[in-house]
Each structure stands twice: as C-alpha cells, then as structure tokens.
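Here is the structure we will look at, set down as structure tokens.
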Amino acid sequence: MSTRETLSNNSKPLQGLGLIFLIGFMGSGKTTLGRKLASKMGYEFIDLDHKLEQQVELSIAEYFSFFGEDSFRKLESEILKKTTYPENAIISTGGGLPCFFDNMDWMKQNGKTVYIKLAPKTLADRLENGKEERPLLQEKHGEALVAFIEQKLAERESFYSQANIVADGLSLTADRLEQILNVKAT
C-alpha cells in the first residue's frame, strides 16, 4: 500500500494527500488558511507569492511597478513550475496564477486544487485596508473596489471553477478543509 492510500475500514485521516494548491481571489484567505492547514496536517506550507518576492528581492507591488503585469505573470508561472516541492505540501498561490498560461492544468496534473470562494463584497471588506500591498487594487475604494472585484471574478471564474474542490470560504476552517480533502480523496 502506498503512502497515498489507507485501509477502507480505517477511519483515520488519509496520509499523504500530496500537493494541495489553494486558489482564489486575493483576500480569500489562501495564506492564512494554508498555514493553519499545513500545521494541522504536518505538511510544509509554501506561499508562492513569498517565494517570488524572495527570488527577485522585491515586493510584488514593486515588481509590478518596475516590470509590469506581463513580466510578473511569466515569472509567477516559472516559479510555480520550477519549484521543488516536498511530497506533501499546502501551496498558496497568487490570485491570478490559475488564469494564465497552463498554470491551472499544471496544478491539477501535479496535485489537488481547492478554490476558496467568497462573495465580492466580502472580499472588498477584507481587502479595503491592505491595498498598498496589492498592485491591482490601488486607488480603488468602496463601490469601485466591489465593482473591480466583480469584474475580475467574472474573468477568472472559468479558471477557478476548474478546481478539484470548490469551498465556501466564508466559514471555512482548517479543520473543515481537512475533512473535505479526506472525503474527496476516498
């Protein structure tokens, strides 16, 4: 029996779920939830945005302003595909990563994808105070921010909805996500 299997009469959580990519719009809780889930499951946590920032020695906002979105998306894809991952890890992705190149297909071929889905107004409430770190949101407030999020979600939903698991992010906890992952793995 491999580490990715478990006895059918065993009620313990499955061991070795492999790579779990958390996707969703910025502010959906990918990093926060990912850290908690990784700790709970004894997996390594990898934040691809942080990995990118370490590699280029710039914040994402700085990289955007110096090199633009196209260059950022290429680098983001390269980091996704060239990172050496442990056997089991929770990986937080950038909000746009699944929507460019063949990134979504690559993640699904190399692990499981979980879309943390939230309503535009909820996302706007979460993002209102941290916009300086998020280049696509600068200068957007209130209803303009909600409208921007609605537009971006409409563009991205066809990618996000390809995830192996779509989870309502409003009351999602690490415990609940672990349960969902274990059920989907059987």
Using θ = phi - 60° and the Karplus relation 6.51 cos²θ - 1.76 cosθ + 1.60, list the HN-Hα couplings for the range 168-179 in order, rounded to whole Hz, with x at every Gly or Pro. 5, x, 4, 10, 6, 10, 4, 4, 5, 5, 4, 4
For Lys51, go through the lysines and keep the ones whose alpha-carbon is under 16 Å away, minus same-chain ones fewer than eight residues off. Lys30, Lys74, Lys81, Lys82
Quick one: 3J(HN,Hα) in Hz for the range 97-112, Karplus 6.51/-1.76/1.60 with θ = phi - 60°, rounded, Gly and Pro as x. 3, x, 9, 10, 6, 10, 4, 5, 4, 4, 5, 5, 6, 10, x, 10
Which angle from 0 to 90°, rounded to the nearest 10, does the C-alpha axis of helix 142-160 make with the longest principal axis of the chain? 40
How large is the helix-only mean residue ellipticity at 222 nm for the chain, computed as the sum of -39500 (n - 2.57) over DSSP H runs with n ≥ 4, divided by its residue count, in deg cm²/dmol to the nearest 500? -15500 deg cm²/dmol
How high is the relative contact order of the chain, in percent, with contacts defined as C-alpha pairs under 8 Å that are six or more residues apart? 32
What do you get for the angle between helix 30-41 and the principal long axis of the chain? Use alpha-carbon atoms, 0 to 90 degrees, nearest ten. 20
Report the number of Lys pairs in the range 117-186 whose alpha-carbons are under 25 Å apart, with separation of 8 or more residues or on distinct chains. 10
For the chain, take the longest principal axis of its alpha carbons; what is the angle in degrees between that and the long axis of helix 60-82, to the nearest 10 within 0 to 90? 20
For Lys40, the aspartates and glutamates lying under 15 Å Cα to Cα, once residues fewer than eight places off in the same chain are dropped, come out as Asp175, Glu178
Taking the convex hull of the alpha-carbon atoms of the range 42-186 and averaging its shadow over every direction gives an area in square nanometres of 9.2
Based on the inverse mean of 1/r over its pairs of different Cα atoms, what is the Kirkwood hydrodynamic radius of the range 117-186, in Å? 13.7
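Hey, what's the Kirkwood Rh for the range 41-111 if you take every pair of different alpha carbons, in angstrom?
For the range 41-111, inverting the mean 1/r across all distinct Cα pairs yields 12.7 Å.
Values in this text are rule-based calculations from the coordinates and carry no lab data. Since we're looking at a predicted model, the values are computed, not measured.
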